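Notes to accompany the following structure.
Laboratory data are not the source of any read-out in this text; all were calculated from the coordinates shown. Nothing here was measured: the structure is a model prediction, and the numbers come from that model. Here the Cβ positions follow ideal geometry from the backbone for every residue, glycine too, while neighbour counts run over all protein chains shown.
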Amino acid sequence: MLDSLISTGIDNNFNVLTAIHRIDMAKAQMKSAQAGYYPTIGLSAGYTKARSAGAIGGEHVHSSSSSYFNLGANVSWEIDVFGKVTAAVKNKKALYQASRADYVATMISLSAEIATYYFNLRTFQRQLYVTKEHLSSQDRVVDIAKARFEAGLVSKLDVAQALTVYYSTEASIPQLETSIRQAINAIAILIGVYPEDISLQLEKGGQMPEYRQLVPMGVPANLLRRRPDIVAAEYELAAYAAELGIAKKDFLPTLSINGSVGVSSHKAGDLFNDNSFEYSIAPTLSWTLFDGFARKYAVSEAKEQMKIGIENYNLTVMTAVQEVDNAMIAYTSSLKAIDSYTKVINQCDESFHLSVDAYKEGLTSFTNVVDAQINSLTYANSLISAKGDALVNLVDLYKALGGSPNE
């Protein structure tokens, strides 16, 4: 059931779809940068009619006019001699890889959220089941108290106390039902469907998954390095390094080749005659010598941006170590709590049966039965909560490790 929900969520969740669009956008930007390796080719066709003023040349110079048709192609190519285009491609490629890592992070986060709400749902359903079981048991205790009261063996206080426990337990059921409904609604939003589409499946209830799993001790560096946020920080740092390279290469000259080829003629019918052909080739080496120190400050800005990237990477790694350590402590602590609550439940059950038997025999007051009932339900729900917490903490641990350590 959980695998099916996660699969549906990955297909439908809006955050995942947005991450996919970001990948496509980053890929398009990378391809756009790679286009810098190739020349730009264009076509042109037109008609020109012009008249030159004769007075410009002197008093007796006549004006002249001309008109012609032209058809041709032009080429412009910036040759990547000094690696400026290559640096731009590296920058966009790193950002593309970072967007892929963000997509993985979104999927892991989504899967963890779905699993968390699913385990919470099963926890509430299990607590509802146990509460109803205790309600039935408490109803039988009410009958015992009533029978002893009617037989004149005890006062009506025992009946009132029994009913108080019964109604108190009954009053907790609506809140559990509300929590179940809210968990189903949350899961529906996460997987991109309406609640009524999955209510029938999830309301049936189900067993809580096994909460004891083998997990790595300590924080393995190879597991941390696969965390998508660390991978993204690595690629972002690579992108900043490429931007610094681009800024430095602006100090170098630019070699480009501009050329054109075509035909021109006074009459359109003569465009393809031999004497209508024309072409030009113009290799150009341009070098900016002074720009008011704009390039210098651009390099300084790129250096500072790279330093920010380094600090962000280090912070991301330290945060990852902290999250893994916290999740591992929480998981192991929840397992210890389960063991303790299991022992408490065993004693509560024995205490309840002993107190009821003693009450039937008139050997103890009803207060002991009340205490045993309350303790039994309280610790039963605490045990269920502890098992749910263990599952949620296990999910947090896998999320902190960037996925299951066994994958």
Give the Rg/Rh ratio for the stretch 49-145, taking Rg as the radius of gyration of the Cα atoms and Rh as the Kirkwood radius, to two decimals.
-> 1.78
According to the square roots a ≥ b ≥ c of the eigenvalues of the Cα gyration tensor, what is the shape class of the stretch 244-347, taking rounded for a/c under 1.5, prolate for a/b larger than b/c otherwise, and oblate for the remainder?
-> oblate
Note down the relative contact order for the stretch 118-209 as a percent, whole number, built from C-alpha pairs under 8 angstrom at least six residues apart.
-> 40 percent
Name the most mobile residue of 79, 230, 23, meaning the one with the largest mean-square fluctuation, in a Gaussian network model of the chain with Cα contacts below 10 Å.
-> 79
Choice from 157, 252, 110 with maximal GNM fluctuation in the chain (Cα, 10 Å cutoff) = 157
The distance between the Cα centres of the stretch 1-77 and the stretch 335-407, in whole Å, is 70 Å
Nonlocal Lys pairs with alpha-carbon distance under 12 Å, the stretch 1-133 (8 or more apart, or different chains) = 5
Listed with the fewest Cβ neighbours within 10 Å leading, 277, 366, 272 appear as 272, 277, 366
Over the chain, what is the relative contact order in whole percent, taking alpha-carbon pairs under 8 Å and six or more residues apart?
-> 23 percent
Evaluated at 20 °C and 1.002 mPa s, the Stokes-Einstein D of the stretch 29-96 based on the Kirkwood radius over Cα pairs, in µm²/s, stands at 132 µm²/s
P(r) histogram, all alpha-carbon pairs of the stretch 168-248 included - 5 Å bins from 0, percent = 3, 10, 10, 10, 10, 10, 11, 12, 8, 6, 5, 3, 1, 1, 0
Residue 55 to residue 303: FRET efficiency via 1/(1 + (r/R0)^6), r the Cβ-Cβ distance, R0 60 Å, to the nearest 0.05?
-> 0.50
dims of the chain, Cα set, principal axes, largest to smallest, nearest Å -> 143, 45, 38
Along Cα→Cβ, 7 Å out, is where each label goes; now give me the distance between the ones at residue 155 and residue 64 in nm to one decimal.
-> 13.0 nm
Taking the radius of gyration and the Kirkwood hydrodynamic radius from Cα positions alone, what is the Rg/Rh ratio for the stretch 103-190, to two decimal places?
-> 1.31
Across the alpha-carbon set of the stretch 72-128, Rg over Rh with Rh taken as the Kirkwood radius works out to 1.54
Here the stretch 278-401 gives, from Cα atoms, an Rg and Dmax in Å of 34.3, 121
Karplus-derived HN-Hα couplings along the stretch 239-254 (A = 6.51, B = -1.76, C = 1.60, θ = phi - 60°), whole Hz, x at Gly and Pro | 5, 5, 5, 5, 5, 5, x, 4, 4, 5, 6, 5, 6, 8, x, 10
Out of 85, 130, 263, any idea which swings most in a Gaussian network model of the chain, alpha carbons joined below 10 Å?
-> 263
When a footprinting reagent is the concern and you count Cβ atoms within 10 Å, what order do 279, 68 take, fewest first?
-> 279, 68
